[in-house]
Amino acid sequence: MNWDYPNPFTLPRTPEAADIDGLNHTNNAVYVRWCEQIGWAHSEQLGLSLEDYRRLDRAMAIRRGEYDYILPTFAGEKLTLATWLVGGDGKLSMERRFQLVRDSDGATVLRGRWDLVCIDIAAGKPRRMPQAFLDAYMPAIVATK
């Protein structure tokens with residue numbers, strides 16, 4: 001695969017009949033859901049689960065999400081979704097990127113990005129990342145092109 005960044009965290013995805021909209025392609029909301037799923041899976045692989053977020057009363061919340069829908073996909077197509085952490089200030093914010101590729105020809109069908117901010121879950125207000133976040137996330141950040 002021709003990935004935008006090195007060492008992606010990946011998940012295979014295949015649109016099912018329920019994912020297809022009235023235009024006979026994968027509904028855009030499905031891609032957003034997949035990005036959420038891979039974001040959590042990557043976080044868990046790095047050592048931070050939803051339970052850890054609750055225990056620490058901190059979370060990386062999406063401040064802004066942006067998606068570029070490049071090509072349509074269809075029911076039954078084999079796809080691979082990748083994610084990376086590409087930036088972080090070590091205090092409040094991080095950036096996560098996504099790339100969805102069609103397995104049959106390697107074409108990129110979607111790119112996305114999230115601007116994330118660390119929040120106090122109980123108060124819903126921005127707070128500095130706890131040490132556990134820094135230890136898990138900062139080493140995983142890859143350099144952008």
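So what does the Cα-only Debye profile of the chain read at q = 0.15 Å⁻¹, as log10 I(q)/I(0), no solvent term?
Summing over Cα pairs of the chain leads to -0.76.
In percent, what relative contact order does the chain have, based on Cα pairs under 8 Å that are 6 or more apart in sequence?
For the chain, the relative contact order is 29 percent.
By how many degrees, 0 to 90 and rounded to 10, does the Cα axis of helix 28-46 deviate from the longest principal axis of the chain?
50 degrees
Take the alpha-carbon centre of segment 65-111, take the same for segment 1-46, and report the distance between them in whole Å.
First find each Cα centre; the distance between them is then 7 Å.
Could you provide, to the nearest whole Å², the per residue accessible area of segment 5-90 with probe 1.4 Å?
On a per-residue basis, 54 Å².
Tell me the mean residue ellipticity at 222 nm calculated for the chain from its helices only (DSSP H runs of n ≥ 4, each -39500 (n - 2.57), averaged over every residue, nearest 500).
Per the formula, -7000 deg cm²/dmol.
Most mobile of F98, F74, F133 per a Gaussian network model of the chain (Cα springs, under 10 Å)?
Residue with maximal mean-square fluctuation among F98, F74, F133: F74.
Using a Gaussian network model on the chain with a 10 Å cutoff between Cα atoms, which of G39, G124, G88 fluctuates the most?
Maximum fluctuation in the GNM of the chain, among the listed residues, is at G124.
Need one number: the % of Cα-Cα pairs in segment 49-103 sitting beyond the 20 Å mark.
That tail contains 45 percent of the Cα-Cα pairs.
For segment 100-144, run through the trypsin sites (Lys or Arg not before Pro) and keep only the ones in DSSP coil with at most 14 other Cβ atoms within 10 Å of their Cβ.
Listed in order of number, the matching sites are R128.
Kindly give Rg over Rh for segment 78-145, based on alpha-carbon atoms, with the Kirkwood expression for the hydrodynamic radius.
1.10
Taking all protein chains in place and a 1.4 Å probe, what share, in percent, of the accessible surface of the chain do carbon and sulfur account for?
50 percent
The values are calculated or read from the model by the stated rules, or taken from the named source; none is laboratory data. Please read all numbers here as calculations on a predicted model, not as lab measurements. FYI the Cβ positions are ideal-geometry reconstructions off the backbone, even for glycines, and counts take in every protein chain you see. Keep in mind that these areas ignore ligands, DNA and RNA; they rest on the heavy atoms of the full protein, side chains included. Shrake-Rupley method; radii C 1.70, N 1.55, O 1.52, S 1.80 Å.
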